[in-house]
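Report on the structure given below.
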Amino acid sequence: MNYKLRQLVAATLAGTALLGFGANTFADTTDDIVNALIAKGVLTEEEGALLINARELEKGTKAKTPATKFKDGLMFESPDGDFKAKIAGRIHADYRIFDHNDGANNPALLPATSITNSVVTANPTNIGADTFDIRRARIGFEAKYKNYYDAVLSLDMVGAANNGGSATNLTIVDQAYLNVAWWQPVQFRFGVFKAPMTLEKLTSSNNIDFMERSFVNALAPNEQIGAMVHGVPTTGVTYQLGAFNGGPTRAAESDIREDGKEFVARATVNFAEIMGKKEMISHLGVSFSDGDLPQGGVGASGRTESRGATFFRAPSFQNSPTNFDSSNRQRIGLEGAFAYNQFKAQAEWMKQTDKFDTLARGYNLDTANWYLEGLWTITGEKYADGYKNGAMGAIKPTKDFDPSTFSGGAWEVGLRYSQFDASDYNSIGVGQGVGSADTSITTKAAGFAKAKAYTAGVKFLPNSNMRFMLNYVKTDFSDVIGGATGGVVLNNKRIDDEQAVLMRAQWMF
């Protein structure tokens with residue numbers, strides 16, 4: 001009888017263990033029962049060990065199964081949790097409607113022969129006409145190992161298509177870097193990534209407040225090849241210090257023909273985080289860059305925030321060290337953001353100074369841009385929830401949109417005012433039609449030296465992976481360069497303003 005009972009109990013417990021009825025708590029209970037039966041003599045020690053070993057084997061088999069889940073991307077995790085990876089991407093599909101009017105700030109239209117080389121001529125096929133557009137299409141891979149190593153590879157499908165699939169200057173690569181974080185206050189990053197200047201630039205295009213960044217972005221550096229040390233030395237404080245090739249976006253040293261490197265630094269403090277105010281952001285930051293640029297152009301082009309007309313053309317120089325060697329570029333930026341619950345105000349200012357000498361004279365030219373904006377999440381989402389380590393993150397709806405009840409989702413409205421000021425380029429030597437000529441300058445600055453833009457936007461997020469956006473942007477141009485032969489020509493008429501309605505359907509994962 002005792003032998004049969006032992007067999008029945010052993011079979012039952014073995015079946016329970018092998019079928020895996022349980023989680024950890026049940027496993028502990030099973031082990032206790034087995035040990036109790038051994039103590040009472042119902043099971044021998046060998047039989048008990050067999051059952052416990054079978055249970056441990058079943059637990060080990062489960063542990064060896066990699067975890068897969070979807071959370072802002074398709075995520076994978078090794079059984080021990082040391083390795084994590086994510087496939088991520090984004091698609092921004094736009095439609096833009098433009099309207100350009102004649103105005104008193106632009107000289108009367110002259111014959112075409114008088115304006116061929118002296119004004120900014122807008123191309124109606126891509127910057128003056130209403131258009132559908134794939135603004136961004138990217139796919140990427142992110143990996144993390146043992147909390148010490150992060151790797152990112154992001155490919156820009158739009159950039160590749162616009163260049164016929166060529167990878168010249170890493171066109172197809174958006175970002176590709178390795179981050180080493182043996183110590184959180186002092187981390188190292190190597191590869192292609194965003195040079196650390198301006199809060200707006202360091203905010204992902206998935207999470208920017210309006211469909212396009214402000215005029216300040218025209219001065220901010222893009223993704224560059226280089227190395228950086230950065231970290232969070234204490235709560236609420238961040239710093240970043242990097243060295244980059246400079247020059248065009250993602251350009252290699254051999255492409256820009258300039259040995260000198262551009263140094264970029266940024267530091268931020270969030271006083272609200274220091275004080276433990278989780279519902280607030282009280283952010284201040286400063287950034288600076290300094291470096292030499294190769295022969296070619298100086299300054300920054302001016303394009304409207306609606307990606308319409310190019311209203312300011314920067315000058316370029318004869319590509320010969322006899323007439324022009326290189327220039328020095330310095331940038332300084334100030335940034336601030338304050339948020340309380342569902343309200344946010346944000347402002348930035350940046351000045352770029354280009355210093356260079358030609359055979360005719362020396363130049364010291366400034367471009368200074370700034371913006372001020374205010375936003376409100378009507379549905380109550382808090383901006384502080386998305387802020388981390390000196391950068392703005394995503395707004396995530398409190399409740400996902402349910403089409404069956406037409407409820408949920410997040411709504412946000414905002415206003416922005418911004419200015420572009422390159423009036424230093426409307427001066428002797430460098431500006432079209434202004435004073436004496438400088439033969440080293442092959443293409444003069446042209447168009448309008450100043451612009452101001454007004455943007456109003458509304459945004460709907462049905463869930464954390466989708467956004468629908470509607471923006472209205474009005475841009476006024478002033479300070480014409482070149483007098484009667486200057487300004488901007490579009491569709492054979494002079495313009496001095498632009499109005500645009502922009503729409504976007506966005507998916508990111």
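Before moving on, here are some points about what is shown:
- Scanning region 354-370 for residues that are in a strand (DSSP E or B) and either of a type outside the set (S, T, Y) or farther than 14 Å from P315 by Cα (or both) returns D354, K355, F356, D357, G362, N364, L365, D366, A368, N369, W370.
- Tabulated pairs, region 277-288, first surrounded by 14 or more Cβ atoms within 10 Å (Cβ to Cβ), second of a type in the set (G, A, S) and part of a loop (DSSP other than H, G, I, E, B), C-beta under 8 angstrom, 6+ apart or interchain: H283/G390; G285/G390
Rundown of residues vs (1) surrounded by 14 or more Cβ atoms within 10 Å (Cβ to Cβ); (2) in a strand (DSSP E or B); (3) at pLDDT below 90, yes/no style:
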site: R138; (1), (2), (3): yes, yes, no
site: E142; (1), (2), (3): yes, yes, no
site: S166; (1), (2), (3): no, no, yes
site: F188; (1), (2), (3): yes, yes, no
site: V192; (1), (2), (3): yes, yes, no
site: M197; (1), (2), (3): yes, no, no
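- In this structure, T455 does satisfy being surrounded by 17 or more Cβ atoms within 10 Å (Cβ to Cβ) and touching a Leu at 6+ places or on another chain (Cβ under 8 Å).
- Total residues in region 408-430, condition crowded, with 22+ Cβ neighbours inside 10 Å and either in contact (Cβ under 8 Å) with a residue 60 or more places away in the chain or under 22 Å from M211 (Cα atoms) (or both): 8
- Residue within region 333-351 that is over 21 Å from S282 (Cβ atoms) and over 23 Å from the mean Cα position of the chain (by Cα) present: no
- Matching entry among A453, A500 (being in contact with a helix residue (DSSP H, G or I) (Cβ under 8 Å, 6 or more places away or on another chain), under 23 Å from E373 (Cα atoms) and in contact (Cβ under 8 Å) with a residue 12 or more places away in the chain): A453
- Qualifying residue in region 459-467 (condition: exposed (fewer than 15 other Cβ atoms within 10 Å of the Cβ), touching a Pro at 6+ places or on another chain (Cβ under 8 Å) and either at pLDDT 85 or above or not assigned by TED's automatic domain parsing to the domain that holds P403 (or both)): yes
- Test: residue in region 244-259 that is modelled with pLDDT of 95 or more and out of contact with any helix residue (DSSP H, G or I) (no Cβ under 6 Å at 6 or more places or on another chain): no
- The residue that is farthest from the chain's Cα centre (by Cα), among those in region 306-330 that are in a loop (DSSP other than H, G, I, E, B) and either modelled with pLDDT of 80 or more or surrounded by 24 or more Cβ atoms within 10 Å (Cβ to Cβ) (or both), is P315.
- Residue match in region 170-178 (condition: at pLDDT below 90 and either in contact with a Leu (Cβ under 6 Å, 6 or more places away or on another chain) or more than 30 Å from Y239 (Cβ to Cβ) (or both)): yes
- Within the span defined as region 289-305, every residue fails to be closer than 30 Å to A410 by Cβ, over 23 Å from the mean Cα position of the chain (by Cα) and not in a strand (DSSP E or B).
The values are calculated or read from the model by the stated rules, or taken from the named source; none is laboratory data. In this text the structure is predicted, and so the values were computed from the model without any measurement. When we count neighbours, we look across all protein chains shown, and the Cβ atoms used for this are built from the backbone with ideal geometry, even at glycine.
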